[in-house]
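Asks: The structure follows.
The values are calculated or read from the model by the stated rules, or taken from the named source; none is laboratory data. Note that the coordinates shown come from a computational prediction; the quantities given were computed from them, not determined experimentally. Here Cβ is always computed from backbone atoms with ideal geometry, including for glycine, and neighbour counts include all displayed protein chains.
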């Protein structure tokens, strides 16, 4: 049911029966490509709330927006088998949700891990991808960036109050995000944490951190250039945080060479990954989708 927040909750069964969750915004909007939002490793649907409201309620072209909680995140069930916390399984979960919703094609917005899942979807069901927005992710993941993510997940602070939670996020991420306002930091905490008996805790299965334990961050990580090259015919907007440790400027430049039609934007004063609701990013994303759809489906 729709609530005052501007979205409805959708629950469905994964291929292995696990109960999963998604949010749907602008369900009645059917005149334009729908949008599918895929969050980062430990993130959830709330990361996209402001952007989804804009695209479904305030942009020039109103779109249906569906954002997914992967297994073990947000309102989706935790998986007792942590080996299932991987990009391949999560891509299958997304496909199962889209099938139940009757979405056969859409524009996809992927932040970090969400962008990796888009690469997999391009191999599994390429006709589904009408346009792509990659938020601070590409075919090459810098080991330094992954090491930073693993480091702050391992530290796992346990703030008791909301103010302590905001302060904890500032301490970890402040150097990479000098452009953020107080409101941005507060919104970040409400997006990635939940208020529990033990205080403000990360809204994901703690076992998820274990999936990073075996990654050797002293060596280059496997790349996805073949999968990226397979997306050459799909309109693409790549967003990079100016202070990103995960997506390098060199990788972005190589992506541009391999995908000459790709549009890029760099968000100064933000790291991994830029907040898509800040600055002019909502308008840039909406304009990219409108322009792309007009070129593919002339009115």
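Asks: Condition check: within 23 Å of residue 80 (Cα to Cα) and either at pLDDT 95 or above or surrounded by fewer than 16 Cβ atoms within 10 Å (Cβ to Cβ) (or both). Does residue 175 satisfy that?
Replies: no
Asks: When the range 213-240 is examined, which residues are found to be within 30 Å of residue 128 (Cα to Cα) and out of contact with any strand residue (DSSP E or B) (no Cβ under 7 Å at 6 or more places or on another chain)?
Replies: 221, 222, 223, 224, 225, 226, 227, 228, 229, 230, 232, 233
Asks: Does residue 183 meet the test of being in contact with a strand residue (DSSP E or B) (Cβ under 8 Å, 6 or more places away or on another chain) and not in a loop (DSSP other than H, G, I, E, B)?
Replies: no
Asks: Before we move on, is residue 135 surrounded by fewer than 22 Cβ atoms within 10 Å (Cβ to Cβ), within 27 Å of residue 194 (Cα to Cα) and either at pLDDT 95 or above or out of contact with any strand residue (DSSP E or B) (no Cβ under 8 Å at 6 or more places or on another chain) (or both)?
Replies: Judged against the criteria, residue 135 is not a match.
Asks: Still on this model: For the structure I just gave you, tell me whether residue 218 is at pLDDT below 95, part of a helix (DSSP H, G or I) and under 29 Å from residue 250 (Cα atoms).
Replies: Criteria not met by residue 218.
Asks: Inspect all residues belonging to the range 95-111 and state whether any of them is on the phi > 0 side of the Ramachandran plot, touching a strand residue (DSSP E or B) at 6+ places or on another chain (Cβ under 8 Å) and in a loop (DSSP other than H, G, I, E, B).
Replies: no
Asks: Mind counting the residues in the range 1-27 that are in a loop (DSSP other than H, G, I, E, B), at negative phi and at pLDDT 95 or above?
Replies: Residues that pass the stated criteria total 5.
Asks: May I pose another question? Of the residues in the range 260-285, how many are surrounded by fewer than 20 Cβ atoms within 10 Å (Cβ to Cβ) and not in a loop (DSSP other than H, G, I, E, B)?
Replies: 7
Asks: Tell me which residues, restricted to the range 39-57, are within 21 Å of residue 290 (Cβ to Cβ) and under 16 Å from the mean Cα position of the chain (by Cα).
Replies: Selection gives 48, 50, 51, 52, 53, 55.
Asks: Has the range 232-250 got any residue that is surrounded by fewer than 17 Cβ atoms within 10 Å (Cβ to Cβ), within 18 Å of the chain's Cα centre (by Cα), modelled with pLDDT of 95 or more and more than 28 Å from residue 126 (Cβ to Cβ)?
Replies: Within the range 232-250, one or more residues are surrounded by fewer than 17 Cβ atoms within 10 Å (Cβ to Cβ), within 18 Å of the chain's Cα centre (by Cα), modelled with pLDDT of 95 or more and more than 28 Å from residue 126 (Cβ to Cβ).
Asks: Which number in (1) touching a strand residue (DSSP E or B) at 6+ places or on another chain (Cβ under 7 Å); (2) modelled with pLDDT under 95 marks the one condition that residue 154 misses?
Replies: (1)
Asks: Next question, about the same structure. I need the full set of residues from the range 186-201 which are touching a strand residue (DSSP E or B) at 6+ places or on another chain (Cβ under 9 Å), surrounded by 19 or more Cβ atoms within 10 Å (Cβ to Cβ) and over 19 Å from residue 85 (Cα atoms), in order please.
Replies: 189, 193, 200
Asks: So residue 53 fits all but one of (1) assigned to a helix (DSSP H, G or I); (2) farther than 16 Å from residue 273 by Cβ; (3) out of contact with any strand residue (DSSP E or B) (no Cβ under 7 Å at 6 or more places or on another chain); what number is the exception?
Replies: (3)
Asks: Considering the range 112-144 alone, what residues qualify as being under 16 Å from residue 92 (Cα atoms) and in a strand (DSSP E or B)?
Replies: The one that is under 16 Å from residue 92 (Cα atoms) and in a strand (DSSP E or B): 129.
Asks: What single numbered condition from (1) in contact (Cβ under 8 Å) with a residue 40 or more places away in the chain; (2) surrounded by 12 or more Cβ atoms within 10 Å (Cβ to Cβ); (3) out of contact with any strand residue (DSSP E or B) (no Cβ under 8 Å at 6 or more places or on another chain) fails to hold for residue 204?
Replies: (3)
Asks: Of these, 30, 83, 76, which one is more than 16 Å from the chain's Cα centre (by Cα) and outside any helix (DSSP H, G or I)?
Replies: Result: 30 is the single residue among 30, 83, 76 that is more than 16 Å from the chain's Cα centre (by Cα) and outside any helix (DSSP H, G or I).
Asks: Sort out which residues of the range 13-31 are closer than 13 Å to residue 70 by Cβ and surrounded by fewer than 17 Cβ atoms within 10 Å (Cβ to Cβ), and write them in order of number.
Replies: 19
Asks: Something else: Pick from 98, 53, 41: which is at pLDDT 95 or above, more than 30 Å from residue 152 (Cβ to Cβ) and surrounded by fewer than 24 Cβ atoms within 10 Å (Cβ to Cβ)?
Replies: Just one listed residue meets the conditions, 98.
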